[in-house]
1. Looking at region 190-208 only, could you name the residues that are among the small types (Gly, Ala, Ser) and open to solvent by less than 20 Å² (accessible area, probe 1.4 Å)?
2. For a quick check of your reading of the model, give me the residue pairs whose first member lies in region 190-204 and is among the small types (Gly, Ala, Ser) and modelled with pLDDT of 95 or more, whose second is open to solvent by less than 10 Å² (accessible area, probe 1.4 Å) and not in a strand (DSSP E or B), with beta-carbon atoms closer than 6 Å and at least 6 apart or on different chains.
3. For a quick check of your reading of the model, give me the residue pairs whose first member lies in region 108-131 and is more than 16 Å from Leu145 (Cβ to Cβ) and without any contact (Cβ under 8 Å) to a residue 60 or more places away in the chain, whose second is open to solvent by 90 Å² or more (accessible area, probe 1.4 Å) and not in a loop (DSSP other than H, G, I, E, B), with beta-carbon atoms closer than 8 Å and at least 6 apart or on different chains.
4. Condition check: loosely packed, with under 15 Cβ neighbours inside 10 Å, part of a strand (DSSP E or B) and either without any contact (Cβ under 8 Å) to a residue 40 or more places away in the chain or not aromatic (Phe, Trp, Tyr) (or both). Does Val102 satisfy that?
5. Within region 298-324, restricting attention to residues that are of a type in the set (A, V, I, L, M) and more than 22 Å from the chain's Cα centre (by Cα), which residue is farthest from Pro379 (Cα to Cα)?
6. Can Thr125 be described as assigned to a loop (DSSP other than H, G, I, E, B) and under 27 Å from Ala402 (Cα atoms)?
7. With the condition kept exactly as written, say whether any residue in region 87-95 is at pLDDT 95 or above, within 30 Å of Asp367 (Cβ to Cβ) and touching a helix residue (DSSP H, G or I) at 6+ places or on another chain (Cβ under 6 Å).
8. Kindly list, by first and then second residue, each pair from a residue in region 320-340 that is touching a residue at least 40 places away in the same chain (Cβ under 8 Å) to a residue that is of a type in the set (Phe, Trp, Tyr), limited to pairs with Cβ atoms under 7 Å and residues at least 6 apart or on different chains.
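The values are calculated or read from the model by the stated rules, or taken from the named source; none is laboratory data. Bear in mind the structure is a predicted one, so any value in this text is a computation, not a measurement. Positions of Cβ are backbone-derived with ideal geometry, glycine not excepted, and every protein chain shown enters the neighbour counts. When the accessible area is computed, the model is the full protein with side chains, heavy atoms only, and any ligands, DNA or RNA have been set aside. Shrake-Rupley method; radii C 1.70, N 1.55, O 1.52, S 1.80 Å.
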Amino acid sequence: MTVVPSRTVLDRFLRYAALESAADPDRAAAVPSTPRQIDVLKVLVEELHELGLTDAELHPSSAAVMATVPASPGCEGAPVVGFLAHVDVSPELGFRTPRPIVHPRWDGSDIVLPDDPTAVLSRRTDPELESCVGHDLVTASGNTLLGADDKSGVAAIMVAVERLVRDPSLRHGPVRVAFTTDEEIGVGARRFDVERFGCHCAYTLDSHAVARLEAETFSADAMTIVFQGHNTHPGTAHGVMVNSIKVAADFLNRLPRGSMSPETTKDAEGFVHPNDVRATVERTEVHFIVRDFVTAELKVKEDLLARLAEETVRDWPGSSVRTKVVEQYRNMREVLDRHPRVTEFAREAIRRTGREPIEGRIRGGTDGSILSERGLPTPNLSSGQHAIHSRLEWASVQEMEAAVEVVLNLCARWADERA
């Protein structure tokens with residue numbers, strides 16, 4: 001039998017990061033939204049088969065890969081634990097192929113990215129760099145995302161799988177791994193087959209830095225407000241035209257200015273955020289994301305937006321408005337509080353690496369938000385990603401290696417339990 005050489009977390013990360021796989025919100029109904037995500041999944045299936053995980057399979061209906069590491073001898077009765085990461089990246093900077101660059105044993109000086117000399121990583125502007133002097137850092141070249149969100153998590157899980165398979169001294173129960181798509185547009189976890197995954201609990205590796213444990217996220221809705229006007233030829237528009245763009249602009253000007261927006265809130269404060277406008281004279285759509293850590297507060301904010309919209313159209317005779325709210329995800333804490341061992345074992349796993357857990361709220365969501373809501377308790381762990389969704393995104397190899405250790409420690413801790 002051919003023995004496949006071991007791959008380091010850096011080897012794996014560079015391979016995955018060099019594959020373009022941005023999600024596309026305009027094609028959210030497709031599974032997945034972009035075909036290049038499938039290209040990454042096929043690479044992972046091939047690598048899992050090389051490691052001996054014969055059940056590794058790409059499931060077309062969910063656009064996800066699942067595989068099983070069988071329990072080590074004597075641990076067959078332990079609960080089945082899962083680890084997940086997503087292969088898609090944000091579409092923030094388009095669909096260009098990244099060029100990952102390694103900066104070995106970084107000395108702390110500014111890093112100028114070669115494809116855009118105005119893109120500079122500096123400790124003066126990014127405090128998270130301070131703790132990574134001496135680390136091996138990876139960046140993109142300056143005009144794309146790196147994709148550490150979440151290919152750092154993918155690489156860490158794959159290295160953990162390799163070590164579980166090849167090191168008989170490691171105790172672990174049955175371990176399931178999954179790689180998902182379209183997390184960045186909020187639809188991948190909705191179609192994920194939780195029943196097929198078959199886990200007692202799971203962990204996503206999709207957080208920044210090291211030693212992070214996140215068991216609380218925003219609850220989230222999307223709200224669309226549609227203003228209807230009336231168009232006609234501008235040369236004969238007197239007394240007839242109602243310009244929905246102007247109506248929408250008036251509405252937007254009525255939003256709170258010193259509060260309730262991403263740029264004016266922090267910590268536990270929620271917000272309403274207009275993030276897209278699609279406008280013609282006849283019809284203008286204003287798209288919002290609505291966020292709060294208390295789910296009931298979402299409706300309070302949505303009622304405010306609806307009231308402001310109604311007040312606006314009353315000031316513009318001939319216009320009208322309608323609203324639509326779509327649930328996106330809910331605060332995972334609502335589920336995880338009912339399963340305290342899931343987060344407590346994560347704390348223990350982090351402490352076994354010699355670090356104290358850094359716990360905090362995510363002012364956003366993860367696949368774990370949706371999976372927890374669907375009955376699979378799934379907190380979030382570090383994977384070494386930083387400055388995500390920007391061309392200054394970077395990752396620490398040493399922090400990815402620490403994420404591998406946390407996964408292995410969690411496997412060992414759950415091996416002591418019985419299903």
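1. Step one: filter region 190-208 for residues among the small types (Gly, Ala, Ser), giving 198, 202, 207.
Ala202, Ser207, listed by residue number.
2. Ala202/Leu376; Ala202/Thr378
3. Hits for this filter: Arg123/Glu130.
4. Values: loosely packed, with under 15 Cβ neighbours inside 10 Å: yes; part of a strand (DSSP E or B): yes; either without any contact (Cβ under 8 Å) to a residue 40 or more places away in the chain or not aromatic (Phe, Trp, Tyr) (or both): yes.
Yes: the conditions hold for Val102.
5. Of all residues in region 298-324, those of a type in the set (A, V, I, L, M) come to 298, 300, 304-306, 308-309, 313, 321.
Okay, now just the ones that are also more than 22 Å from the chain's Cα centre (by Cα), so 300, 304-306, 308-309, 313, 321.
Working: Val300: 27, Leu304: 32, Leu305: 32, Ala306: 33, Leu308: 37, Ala309: 37, Val313: 43, Val321: 39 Å.
Restricting to residues being of a type in the set (A, V, I, L, M) and more than 22 Å from the chain's Cα centre (by Cα), the top hit is Val313.
6. Details: assigned to a loop (DSSP other than H, G, I, E, B): yes; under 27 Å from Ala402 (Cα atoms): yes.
Judged against the criteria, Thr125 is a match.
7. Yes, some residue in region 87-95 is at pLDDT 95 or above, within 30 Å of Asp367 (Cβ to Cβ) and touching a helix residue (DSSP H, G or I) at 6+ places or on another chain (Cβ under 6 Å).
8. Val321/Phe227; Asn331/Phe218; Asn331/Phe293
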